[in-house]
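**Student:** Take a look at the following structure, please.
The values are calculated or read from the model by the stated rules, or taken from the named source; none is laboratory data. Being a predicted model, the structure only gives us computed values, none of them experimental. Neighbour counts run over all protein chains shown; Cβ positions are idealised from the backbone, glycine included. The accessibility values were calculated without ligands, DNA or RNA, using every heavy atom of the protein model including side chains. Shrake-Rupley method; radii C 1.70, N 1.55, O 1.52, S 1.80 Å.
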Amino acid sequence: MQSKLNCLRYSSHSYHLIIYIHNSTNNIYPQHKHYQLRCFLPFPFNSHPQQTNHIFIGQHEDQIRSALFLNRLLKHKIGVIIQGAYIGVLIGECCLTAQRFKAITGRHCGVSDILKNTHIRVTSFPYKLHITRSAQGNPIAGHSFKFIQTVGSYYNSTFDLITEGYKRFGQNSDGTWNGFIGLLVNDSVDLVMSIGNQLTRHPYADFSPQQTNFPCVFFTPLPKAQLKWYGILLVFEPDVWLTTALAMLFSIFALYLIFTFKFNQPVENPILTAVFLPLAALLMQSLKIPQSAGYLMCLFLFFSIIIGTFFGSNLISFLTLPQLDSMPETTEDLARMTDVEINIMKYSGDSMELFFKHVQSPVLLNIKNRIKTTHPKDIIERFVNTSIGIKSALINYEINSRVVVAENLSLHPAFTPVKTSKAPLFNLLLRVVMRKYSKFTEAINANVGKLENTGHFQKWTMDVLKLAKKRGVSWLRDVERKGGDEATMKVIKMTRDAMGSEVKPFTISHFGIMFCSLFIGSLVSILCFIVELVPLRFSTRSTSIIKVR
């Protein structure tokens with residue numbers, strides 16, 4: 001600090017730094033980014049510049065304006081111009097005379113006025129959810145881009161939007177940071193769009209209110225539907241089949257006893273009659289019922305009517321109802337189904353990695369021990385393989401994944417080739433992030449809250465999804481006409497089969513068990529007929545020979 005600049009610090013309940021400017025102006029914090037570490041000291045030792053009210057006093061307005069400009073990163077600052085009887089006050093961007101300042105005593109410049117006519121340095125993820133570009137490479141959508149564009153347009157501000165900081169996440173062993181937090185600490189950017197708050201990040205950055213919920217879920221292939229050839233057996237539960245069989249056996253045994261011991265009304269072939277009567281009742285066939293079995297057959301006939309009615313009504317349903325493969329829908333299902341292959345998108349140092357690093361639940365530990373990592377650059381290939389694969393699950397952030405699916409796997413707007421889990425593994429609340437005690441904190445917080453409450457972030461997200469799906473449908477139709485790789489063609493075929501399916505008549509495969517039973521029964525009947533016919537011919541020939549003699 002040069003001799004031309006004198007400072008006096010005064011503190012009652014907050015810090016006030018009074019700077020007297022004589023002939024020249026200085027940047028009083030030439031390396032102010034190193035003051036970042038001082039924000040961890042407890043009160044009253046915390047003297048971070050953004051918590052101090054700076055009062056610049058001088059005789060010339062140009063000097064005061066120059067001092068305010070050189071220290072433009074400061075959050076709380078005021079300029080006082082003293083020229084004899086004239087006293088002028090500069091508050092932020094507002095220039096007031098002493099008379100006007102007196103007239104509005106107690107009123108301060110608005111919270112968001114610091115955003116007016118300023119330049120903001122912004123960084124963000126390069127994913128399409130955050131910034132979607134046109135064919136020429138110009139940003140046109142994405143909630144990160146739309147947010148800063150809206151703020152810049154409303155407050156007449158300019159901004160630089162870069163997408164390079166996400167490649168390195170996490171904190172180093174010496175306490176320094178890589179990635180987004182490192183850019184903030186080193187004063188390389190003013191805003192980061194958009195990451196979640198963490199226990200390790202919180203001391204180094206200011207976080208805005210929630211802008212978007214960013215749940216972490218897992219995706220599975222759509223369950224494959226197929227008609228089972230043994231659908232006739234599914235009409236009843238096993239206990240119903242058992243009860244019906246026992247009723248048949250009991251009726252046959254009871255009828256046989258009746259026909260055997262009631263000599264006043266003999267029945268020819270009692271065992272065959274005892275078998276045929278219950279069977280005919282179940283098949284709705286008409287047979288002459290002996291009077292001795294009338295009461296029992298009335299009871300069994302009522303039973304057979306109920307069984308036959310339910311069997312007939314359920315048969316068509318179960319023959320046409322497809323059976324779906326079992327797929328996990330919840331975290332518990334995923335942990336229980338050990339035959340499911342689990343993949344996860346690996347973002348080094350992000351909330352998903354920290355979540356699985358510190359899990360203690362037995363269910364989540366089971367999942368963690370089976371996880372295979374996938375690099376983000378392979379996300380499209382992994383989703384394609386998941387959609388056409390069997391018994392696999394992919395863990396990723398839902399909204400990012402929906403954009404990828406919409407742009408690369410959606411041939412029809414109404415069909416999605418993957419299934420999302422019913423409940424998320426955890427919810428991540430995305431926020432705009434600033435340097436600790438940033439001068440933009442209050443202004444950005446106010447604007448994020450307004451835009452979130454009015455549904456702007458949700459609308460911007462839906463715009464990205466709509467644009468991605470429009471691009472994806474157009475691209476996949478070109479691939480369908482010109483041909484593509486095997487995996488993509490399988491996705492297209494699966495979509496066409498799902499969206500173009502029609503109700504079709506039964507085929508022979510649907511009645512396989514019934515026709516097999518009929519064929520086997522016919523063979524057995526023919527064999528029985530032959531076996532009975534041969535002894536009959538021999539007995540007839542023997543009788544003829546005896547008569548001739």
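**Student:** Give the number of residues within the stretch 352-377 that are among the β-branched types (V, I, T) and more than 14 Å from M337 (Cα to Cα). Give the derivation first.
**Tutor:** The initial filter retains those residues of the stretch 352-377 that are among the β-branched types (V, I, T), namely 359, 363, 367, 371, 373-374.
Among the residues that remain, those that are also more than 14 Å from M337 (Cα to Cα) are: 359, 373-374.
Count: 3.
**Student:** Also: Keeping to the stretch 434-481, report how many residues are farther than 23 Å from H119 by Cβ, at pLDDT 90 or above and polar (S, T, N, Q).
**Tutor:** Within the stretch 434-481, residues that are farther than 23 Å from H119 by Cβ, at pLDDT 90 or above and polar (S, T, N, Q) number 4.
**Student:** Could we say that D206 is touching a Lys or Arg at 6+ places or on another chain (Cβ under 9 Å), closer than 26 Å to Q458 by Cβ and either assigned to a loop (DSSP other than H, G, I, E, B) or among the acidic types (D, E) (or both) here?
**Tutor:** Details: touching a Lys or Arg at 6+ places or on another chain (Cβ under 9 Å): yes; closer than 26 Å to Q458 by Cβ: yes; either assigned to a loop (DSSP other than H, G, I, E, B) or among the acidic types (D, E) (or both): yes.
Criteria met by D206.
**Student:** Which of the following residues is open to solvent by 30 Å² or more (accessible area, probe 1.4 Å) and either outside any helix (DSSP H, G or I) or free of Cβ contacts under 8 Å to residues at least 40 places away in the same chain (or both): F311, F355, F302? Reasoning before the result, please.
**Tutor:** On the way: F311 fails: either outside any helix (DSSP H, G or I) or free of Cβ contacts under 8 Å to residues at least 40 places away in the same chain (or both); F355 fails: either outside any helix (DSSP H, G or I) or free of Cβ contacts under 8 Å to residues at least 40 places away in the same chain (or both).
Just one listed residue meets the conditions, F302.
**Student:** In the stretch 48-65, what residues are part of a helix (DSSP H, G or I), modelled with pLDDT of 80 or more and open to solvent by 40 Å² or more (accessible area, probe 1.4 Å)?
**Tutor:** Our first condition is that a residue be part of a helix (DSSP H, G or I); within the stretch 48-65, this holds for 49-51, 61-65.
Remaining after also requiring modelled with pLDDT of 80 or more: 61-65.
Selection gives E61, D62, R65.
**Student:** Can I ask one more? Could you tell me which residue of the stretch 409-451 is farthest from T212 (Cα to Cα), considering only residues that are open to solvent by 50 Å² or more (accessible area, probe 1.4 Å) and of a type in the set (A, V, I, L, M)?
**Tutor:** Restricting to residues being open to solvent by 50 Å² or more (accessible area, probe 1.4 Å) and of a type in the set (A, V, I, L, M), the top hit is A414.
**Student:** Within the stretch 314-343, restricting attention to residues that are open to solvent by less than 60 Å² (accessible area, probe 1.4 Å) and of a type in the set (D, E), which residue is modelled with the lowest pLDDT?
**Tutor:** D325
**Student:** Only one of Q171, Q210, Q226, Q198 is open to solvent by less than 30 Å² (accessible area, probe 1.4 Å) and either farther than 30 Å from I307 by Cβ or modelled with pLDDT under 85 (or both). Can you tell me which? Walk me through it before giving the result.
**Tutor:** Working: Q171 fails: open to solvent by less than 30 Å² (accessible area, probe 1.4 Å); Q210 fails: open to solvent by less than 30 Å² (accessible area, probe 1.4 Å); Q226 fails: open to solvent by less than 30 Å² (accessible area, probe 1.4 Å).
Exactly one of Q171, Q210, Q226, Q198 is open to solvent by less than 30 Å² (accessible area, probe 1.4 Å) and either farther than 30 Å from I307 by Cβ or modelled with pLDDT under 85 (or both), namely Q198.
**Student:** Cβ contacts < 8 Å: first residue under 14 Å from L184 (Cβ atoms), restricted to the stretch 195-216; second residue open to solvent by 20 Å² or more (accessible area, probe 1.4 Å) and part of a loop (DSSP other than H, G, I, E, B), any location; separation 6+ or different chain. Result?
**Tutor:** P203/K436; Y204/K436; A205/K436; D206/K436; D206/Y437; F207/N197
**Student:** Report yes if F180 is closer than 27 Å to H456 by Cα and of a type outside the set (S, T, Y), otherwise no.
**Tutor:** Values: closer than 27 Å to H456 by Cα: yes; of a type outside the set (S, T, Y): yes.
Considered against the rule, which asks whether it is closer than 27 Å to H456 by Cα and of a type outside the set (S, T, Y), F180 comes out as yes.
**Student:** Across the stretch 117-155, which residue is nearest to the chain's Cα centre (by Cα) among those that are modelled with pLDDT of 90 or more and among the charged types (D, E, K, R)?
**Tutor:** My answer is K146.
**Student:** Right, V217: part of a loop (DSSP other than H, G, I, E, B), modelled with pLDDT of 80 or more and in contact with a strand residue (DSSP E or B) (Cβ under 7 Å, 6 or more places away or on another chain) or not? Walk me through it before giving the result.
**Tutor:** On the way: part of a loop (DSSP other than H, G, I, E, B): no; modelled with pLDDT of 80 or more: yes; in contact with a strand residue (DSSP E or B) (Cβ under 7 Å, 6 or more places away or on another chain): yes.
It is false that V217 is part of a loop (DSSP other than H, G, I, E, B), modelled with pLDDT of 80 or more and in contact with a strand residue (DSSP E or B) (Cβ under 7 Å, 6 or more places away or on another chain).
**Student:** If I go through the stretch 432-468 residue by residue, how many of them are without any contact (Cβ under 8 Å) to a residue 60 or more places away in the chain and over 24 Å from the mean Cα position of the chain (by Cα)? Reasoning before the result, please.
**Tutor:** Step one: list which residues in the stretch 432-468 are without any contact (Cβ under 8 Å) to a residue 60 or more places away in the chain, which gives 450, 453-455, 459, 462, 466.
Imposing the further condition that a residue be over 24 Å from the mean Cα position of the chain (by Cα) reduces the set to 450.
So the answer is 1.
**Student:** Taking the condition of being within 19 Å of L191 (Cβ to Cβ), touching a strand residue (DSSP E or B) at 6+ places or on another chain (Cβ under 8 Å) and open to solvent by 30 Å² or more (accessible area, probe 1.4 Å), how many residues in the stretch 127-146 meet it?
**Tutor:** Selection size over the stretch 127-146: 1.
**Student:** Please work out which residue is nearest to M489 (Cα to Cα), limiting yourself to the stretch 362-393 and to residues that are at pLDDT 90 or above and in a loop (DSSP other than H, G, I, E, B).
**Tutor:** The residue in question is R370.
**Student:** Let me ask something additional. Can you tell me which residues in the stretch 66-76 are under 21 Å from E442 (Cα atoms), modelled with pLDDT of 75 or more and open to solvent by 40 Å² or more (accessible area, probe 1.4 Å)?
**Tutor:** F69, H76
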